[in-house]
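The values are calculated or read from the model by the stated rules, or taken from the named source; none is laboratory data. Keep in mind that this is a model prediction, so the values were computed, not measured. In this analysis, Cβ positions are derived from the backbone assuming ideal geometry, glycine residues included, and neighbour counts consider all displayed protein chains.
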Amino acid sequence: MDHPATEIGATKNVACLPLPLERDVFLRRLLRELAGTLQDVVGVQEASGYISVVGASIGEHIDHAYRSALSVDRLSRDQVAAVLVDLKRRIQGDFFVIEESEDRIVFGNRACPFGELVLGRPSLCMMTSNVFGAIAAENLGYAAVSLERTIAQGHEGCRVVVYLRPSDGVRHGMREYFRKDD
C-alpha cells in the first residue's frame, strides 16, 4: 500500500537531484540525436541536406529580425559580418572576424553553440553554413560558404569562409546561396 507522505518525500528528493538537465541541454541533446540518427540512416551528406533546409528557414527568420531591428531593407557587408558574429554570440557561440574584404569574410570560432554535443555530428554544421549563406546572399546577392575547419570534426575551433562573389568553380565542400528575388 502506497503512503502519500512517502510519495511527497520522494517527489521532493527527486526534484532536488543535481542533474545537468534543463531545456537548453535537452534541446541540444535532442538535435544531436536527431542528427546522429539521420547520419546513421542516410549518411552524413544526406543528413547535411536535411539540416540545410532547416538552416535556410532559420537564416531567413534571423535575417528578417535583424533587418527589422536595424530598420534597413538590406544589410551592408559590414552589417552582415556584425550580424553573423552577433547571432552566434547570442546562442553562445564565439565567432569573430579574422579577415574581411570585398570578396570574402573569414570567421573563426572558439565555441560551438551545441557545445561538446556537436562532436561527431558534422551535419549540424549545416546550420552555420545555411544561416550564414542565407543572410549573406539575401543582403549581398550571393554567398558561398566553406566550412574549412569545424569543432564537430575534432578541430579546436572553426574556420568558416563566406565568399561574396562567384568564382569559376565551386570549391570542394562549398555551398552556394543566392538572393531569392534574383
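Among the residues making up the stretch 54-63, a single one is over 16 Å from Arg90 (Cα atoms) and free of Cβ contacts under 8 Å to residues at least 60 places away in the same chain: Ser57. The one condition from (1) at pLDDT 95 or above; (2) assigned to a helix (DSSP H, G or I) that Ser48 does not meet is (1). You will find that of Phe114, Phe96, Phe107, the residue that is crowded, with 21+ Cβ neighbours inside 10 Å and either over 18 Å from Ala134 (Cα atoms) or hydroxyl-bearing (Ser, Thr, Tyr) (or both) is Phe114 and no other. Do any residues in the stretch 159-181 that are at positive phi and modelled with pLDDT under 95 have Cβ atoms under 9 Å from those of residues that are of a type outside the set (S, T, N, Q) and in a loop (DSSP other than H, G, I, E, B), where the two are at least six apart or on different chains, and which pairs are they? Correct list of pairs: empty, since none qualify. Counting residues in the stretch 92-106 that are of a type in the set (Lys, Arg), out of contact with any Leu (no Cβ under 8 Å at 6 or more places or on another chain), within 17 Å of Arg159 (Cβ to Cβ) and touching a residue at least 12 places away in the same chain (Cβ under 8 Å) gives zero.
Each row is one residue, and each column tells you yes or no for (1) assigned to a loop (DSSP other than H, G, I, E, B); (2) small (Gly, Ala, Ser).
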site	(1), (2)
Asp63	no, no
Lys88	no, no
Ile98	no, no
Glu102	yes, no
Glu116	no, no
Asn130	no, no
Gly133	no, yes
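When Arg74, Arg28 are checked against the criterion of being basic (Lys, Arg), in a loop (DSSP other than H, G, I, E, B) and at pLDDT 85 or above, Arg74 stands alone in meeting it.
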